[in-house]
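The values are calculated or read from the model by the stated rules, or taken from the named source; none is laboratory data. Note that the coordinates shown come from a computational prediction; the quantities given were computed from them, not determined experimentally. Cβ atoms come from the backbone with ideal geometry, glycine included; neighbour counts cover every protein chain shown.
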Amino acid sequence: MSTLDALKHDPEKARRLSIALVFVCTLLGAAAQILMKAGTLEYPHSGALQLLLAIFKSGKLFLGYAFYGISTLVLVVALKYGELSILYPVIALTYVWVTGLSVLIYSEAMNPWKMLGLLTVVLGVGVLGRGRKS
């Protein structure tokens, strides 16, 4: 019996694994967005065809899209073993990681409204996650 098949007999372990996998998805998604931003800065032209070609010329853009693809595959596995209503809101944490990385890497401004928005996302994910227990 494979490890994944064993999860069918241990729902708590399956739940924990699915949450961990979705958390990994949020990190991959954030990295993908940062890489795509970096890649687009290398190609200042804005035409759709030029940008499409840039995906194959820019390692950063290509890697960003690859991370999105890997994130999607990991999400599919996570959804097989977890509750969609619990897992999907966790993906909103990607906003938190992207904002933090944007401040660190691109020196983007942080203001009280952004902080409030991020806090709302984190609290919302926490509330939805605890809603499973009732």
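How many residues does the stretch 30-41 hold that are surrounded by fewer than 21 Cβ atoms within 10 Å (Cβ to Cβ) and within 14 Å of the chain's Cα centre (by Cα)?
Number of matching residues: 4.
Only residues that are under 17 Å from V103 (Cα atoms) and modelled with pLDDT under 90: list them for the stretch 19-42, please.
Residue satisfying the conditions is L41 alone.
Return the total of residues in the stretch 105-121 being surrounded by 14 or more Cβ atoms within 10 Å (Cβ to Cβ) and of a type in the set (A, V, I, L, M).
The total comes to 2.
Taking into account only those residues within the stretch 47-94 that are surrounded by 19 or more Cβ atoms within 10 Å (Cβ to Cβ) and not in a helix (DSSP H, G or I), which is modelled with the lowest pLDDT?
Only one residue tops the list, namely S58.
Is at least one residue of the stretch 40-61 within 25 Å of R16 (Cβ to Cβ) and touching a residue at least 12 places away in the same chain (Cβ under 8 Å)?
No; the residues of the stretch 40-61 include none that is within 25 Å of R16 (Cβ to Cβ) and touching a residue at least 12 places away in the same chain (Cβ under 8 Å).
Confirm whether S102 is in a helix (DSSP H, G or I), surrounded by 14 or more Cβ atoms within 10 Å (Cβ to Cβ) and more than 12 Å from the chain's Cα centre (by Cα).
When the stated conditions are applied, S102 passes them.
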